1. ALA54 versus (1) over 20 Å from GLY232 (Cα atoms); (2) open to solvent by 20 Å² or more (accessible area, probe 1.4 Å): which is the lone unmet condition?
2. Of all residues in region 238-254, count the ones that are β-branched (Val, Ile, Thr) and away from the ligand (no atom under 15 Å from the Cβ).
3. Which numbered condition in (1) under 24 Å from LEU5 (Cβ atoms); (2) part of a helix (DSSP H, G or I) is the only one that THR133 fails?
4. Taking the stated definitions as given, is GLU121 over 24 Å from ILE11 (Cα atoms), in contact (Cβ under 8 Å) with a residue 60 or more places away in the chain and part of a loop (DSSP other than H, G, I, E, B)?
5. Any residue in region 19-32 that's within 16 Å of ALA54 (Cβ to Cβ) and in contact (Cβ under 8 Å) with a residue 12 or more places away in the chain: show its pairings with residues that are hydroxyl-bearing (Ser, Thr, Tyr) and loosely packed, with under 14 Cβ neighbours inside 10 Å at Cβ separation under 8 Å, as long as the two are six or more apart or on different chains.
6. Taking the conditions exactly as written (open to solvent by 10 Å² or more (accessible area, probe 1.4 Å), more than 13 Å from the ligand (Cβ to nearest atom) and in contact (Cβ under 8 Å) with a residue 40 or more places away in the chain), does ALA142 satisfy them or not?
7. Restricting attention to region 234-255, and to residues there that are under 26 Å from ASN65 (Cα atoms) and assigned to a loop (DSSP other than H, G, I, E, B), which single residue is most open to solvent (accessible area, probe 1.4 Å)?
8. Hey, could you check region 149-189 for residues that are among the polar types (S, T, N, Q) and open to solvent by less than 30 Å² (accessible area, probe 1.4 Å) and say which is farthest from the ligand (Cβ to nearest atom)?
Amino acid sequence: MAVTLKSPAEIDRMRRAGRLVAEVLALVESELAVGVSTAHLDALAEAHIRRAGATPSFKGYPGANPKRPFPASLCISIDQEIVHGIPGDRTIREGQVVSIDAGAIVDGWHGDAARTFYIGEAPAPVRDLIDTTRLAMMAGIAAAVPGAYLEDISGAVEDVAAPRGFGIVRQFVGHGIGRSMHEEPQVPNYRVGRKGRRLEPGLCLAIEPMLTMGSPDARMLDDDWTIVTRDGTLAAHFEHSIAITERGPQILTTI
Ligand code: MG
């Protein structure tokens, strides 16, 4: 799919989708506690999205197996799970690293965002993993200015994550967003060795580093969705949808 640039009016409409996604993440965070099932968190998220007259974008999304579209409104990925974990009977436990990814469609426009939480008081290395993933995302966002290039975003993310020794997942990357959840261009979280597309106002991107405590290699579980670290180490994931404007990057997935 080609890159589409959004007008300021269209960016305003994307902001509504972004705000709803941010609300969902805030709601889920407020309910995230030991003993709560991931299915319960998912039900809360779906109810909030539907109450707003919007549609959960993940539910029914096609994946690797055409017979198994994604069955839920949130991805909830725990510990060594990087992304695309499926909500279900599992309950949240003390000491878990919980990544929540939410997506919604408002009047045809998508918002997509993710955050990683620690249940309890995180040991310093895990705190560092989570903080570094968030800071890497923010550095990527800050690099998304008109006149820069895609590689500047990728490099900014890499320059936060790599010096701290974390694995940068390469099999999954950020993406353009708009009337579809996944549009061109892809936004890698590491330098690919070419400048890539020039950034200009109207380009909307989901910037989403995924970092691991060990190797960045990932594999899919038998459920055809859940992506885990191959070496079993912990992973974190942060994501914002942003719009590049004349005045610089603006985060859309915020309240
Ligand atoms: Mg995304």
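The values are calculated or read from the model by the stated rules, or taken from the named source; none is laboratory data. Bear in mind that the values here come from a model prediction, so they are computed numbers and not experimental data. Cβ atoms come from the backbone with ideal geometry, glycine included; neighbour counts cover every protein chain shown. The accessibility values were calculated without ligands, DNA or RNA, using every heavy atom of the protein model including side chains. Shrake-Rupley method; radii C 1.70, N 1.55, O 1.52, S 1.80 Å.
1. Only one criterion is unmet by ALA54, namely (2).
2. Within region 238-254, the subset β-branched (Val, Ile, Thr) is 242, 244-245, 251, 253-254.
Next, only the ones that are away from the ligand (no atom under 15 Å from the Cβ) stay: 244-245, 254.
Residues that pass the stated criteria total 3.
3. The one condition THR133 does not meet is (1).
4. Values: over 24 Å from ILE11 (Cα atoms): yes; in contact (Cβ under 8 Å) with a residue 60 or more places away in the chain: no; part of a loop (DSSP other than H, G, I, E, B): yes.
No; evaluated as a whole, the condition is false for this residue.
5. Close Cβ pairs satisfying both conditions: none exist.
6. yes
7. Narrowing region 234-255 to residues under 26 Å from ASN65 (Cα atoms): 234-239.
From the residues that got through so far, the ones that are assigned to a loop (DSSP other than H, G, I, E, B) too are 234, 238.
Values: LEU234: 44, PHE238: 12 Å².
By that ranking, first place goes to LEU234.
8. Going through region 149-189, the residues among the polar types (S, T, N, Q) turn out to be 154, 171, 180, 186, 189.
Okay, now just the ones that are also open to solvent by less than 30 Å² (accessible area, probe 1.4 Å), so 154, 189.
Numbers: SER154: 15, ASN189: 12 Å.
Selected residue: SER154.
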